[in-house]
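Undergrad: Attaching a single structure in structure tokens format; questions to follow.
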Amino acid sequence: MASSDKVVETVIVGNYVEMESEGKPRDIKSKISNLFWHGGSAYDAWFSCASNQVAQVLLTLPYSFSQLGMVSGISFQLFYGLMGSWTAYLISILYVEYRTRKEREKVDFRNHVIQWFEVLDGLLGKHWRNVGLAFNCTFLLFGSVIQLIACASNIYYINDNLDKRTWTYIFGACCATTVFIPSFHNYRIWSFLGLLMTTYTAWYLTIASLLHGQVEGVKHSGPTKMVLYFTGATNILYTFGGHAVTVEIMHAMWKPQKFKAIYLVATLYVLTLTLPSASAVYWAFGDLLLNHSNAFSLLPRSPFKDMAVILMLIHQFITFGFACTPLYFVWEKAIGMHECKSLCKRAAARLPVVVPIWFLAIVFPFFGPINSTVGSLLVSFTVYIIPALAYMFTFKSAAARENAVEQPPKYFGRWVGAYVINIFVVVWVLIVGFGFGGWASVTNFIHQIDTFGLFTKCYQCAPQLPPHLANATAPLPPPTANSTHLPPNVHHH
């Protein structure tokens, strides 16, 4: 009887939107609004996860392959894809556990979006909440910064009349319009379009590289240096660490308990984009990629390339919204505006969140190296170590395991298997991701600052710039001004 009660309670989780809309007459306007604006199905969640997971990182993976070599590049993608899916599963279990406990206490979440730090607070207390909040917010802040940097980096390949810093100012203003999108529930059409855009771009990179063929005297010497190897590995850790917004995406679902396998299916689809594109670009250009962290920079100009750049720009705007929306929620809760019904008031209240993102994108325009640094220092804890530890601590007592809303699957070895996998995740990510990855990516990041300086006007721009821009990276002699790696003596041209 107890187990059947449990099932009933689990099914109740997240049905509010459906309950509210039942029995209401639906005119054509509400039907159109539902089609484009109100998404809460499992398909919407899948589009959101897949669209959010692979954005500008698609363009930096060939750069990672040049640092890792082909075999390690493919292996790390498969390995971190599975590990990311596992920790996303853990986050979904903890969310359902927290929400079910709260709804037993008759808590109403109709005007409240549950976030990861609140799940940690409800299950493990305020210290866990504070740590989770600090890591999550910092990661999402820099995740938004990376999208802005990527916008400027990409548009430059279509229009180089303005330098990348000026483009960052322009796109910062454009991305600020995401304050008007209330929640992930309203990203239905955007996440669908976003996935189409990344799919086009991935296959453009693959086909264009294969048609271009290998450049003369191409070399595939990676891995050559330990610093490069772990920087590349950490960028892939970052690629499959897009589930910092898992809780918000789940909360937007009508039935969040259906989320469990969605992230894995999204990851499998993403691998069909990242593996062919990164492999093909690396095959064609080899070690040239060590100096070009954006794959677009090596492919010749064509209408197909321009199309890919434009689509990625639109997609980066969408991904900026994905990364920034949880920050908007945290800010709204901090200033007491979260349950305000007025969209305009909430939008105005959210604007201060965009300012530091804009500023940081101008300070650190290092597209590529910044991904690895964020991956090692923030993603490692936010979406791998903290969820695995939180799961183990939440269910450490026999009573908690007995009463768990969701038991671990049989094919993972139930509780013992789940704990073994979690211990492995924590140890691996702590040593390889945070330890070696942190050392390598921070070393590389500092090298970028030493080479190009903070607030650099045009990071990794071609040498044939007007004199006033060419001097921005002086006193470096070309062609090593494009260097994105350590040390200078391993350049291949």
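Undergrad: Could you tell me which of rounded, prolate or oblate describes segment 192-289, using a ≥ b ≥ c as the square roots of the eigenvalues of the alpha-carbon gyration tensor, with rounded for a/c under 1.5 and, failing that, prolate when a/b is larger than b/c and oblate otherwise?
TA: It is oblate, given that a/c is not under 1.5 and a/b is not larger than b/c.
Undergrad: Still on this structure, I have one more. Could you tell me whether segment 147-254 comes out rounded, prolate or oblate from its Cα gyration tensor? Rule is a ≥ b ≥ c as square roots of the eigenvalues, rounded for a/c under 1.5, then prolate if a/b exceeds b/c, otherwise oblate.
TA: prolate
Undergrad: On to the next question. Packing-wise, with mean Cβ within 10 Å as the measure, how do 135-145, 428-438, 93-103 rank, highest first?
TA: My ranking of the peptides, most packed first, is 135-145, 93-103, 428-438.
Undergrad: Separate question: Here are some pairs, K102/K396; K260/K333; K255/K345; K106/K126; K260/K341; K106/K255; which of them have Cα atoms lying more than 26 Å apart in this structure?
TA: K260/K333; K255/K345; K260/K341
Undergrad: Using only the alpha-carbon atoms, what does segment 248-287 span along each of its principal axes? Please give whole angstrom values in decreasing order.
TA: 46, 16, 11
Undergrad: Determine, for each peptide in 274-280, 213-219, 125-131, the mean count of other beta carbons within 10 angstrom over its residues, then list the peptides with the highest first.
TA: Sorting 274-280, 213-219, 125-131 by mean packing, highest first, produces 274-280, 125-131, 213-219.
Undergrad: Between E339 and F359, with labels modelled 7 Å along Cα→Cβ, what's the label distance in nm to one decimal, could you check?
TA: 3.2 nm
Undergrad: Rounded, prolate or oblate: which fits segment 257-345, taking a ≥ b ≥ c as square roots of the Cα gyration tensor eigenvalues, rounded meaning a/c under 1.5, else prolate when a/b beats b/c?
TA: Prolate, since a/c reaches 1.5 and a/b exceeds b/c.
Undergrad: Related question: Hey, rough spin-label estimate for F109 and V442, points 7 angstrom out along Cα→Cβ, what's it come to in nanometres?
TA: 3.6 nm
Undergrad: For a quick size check, give me the Cα extents of segment 94-171 along its three principal axes, largest first, whole Å.
TA: Cα extents, longest axis first: 60, 27, 16 Å.
Undergrad: What percent does the relative contact order of segment 273-392 come to when contacts are Cα pairs within less than 8 Å and at least six residues apart?
TA: 18 percent
Any read-out appearing in this document is the output of simple, stated calculations on the displayed coordinates, not a laboratory observation. Bear in mind that the values here come from a model prediction, so they are computed numbers and not experimental data. Virtual Cβ from ideal backbone geometry, glycine too; neighbours counted across all protein chains shown.
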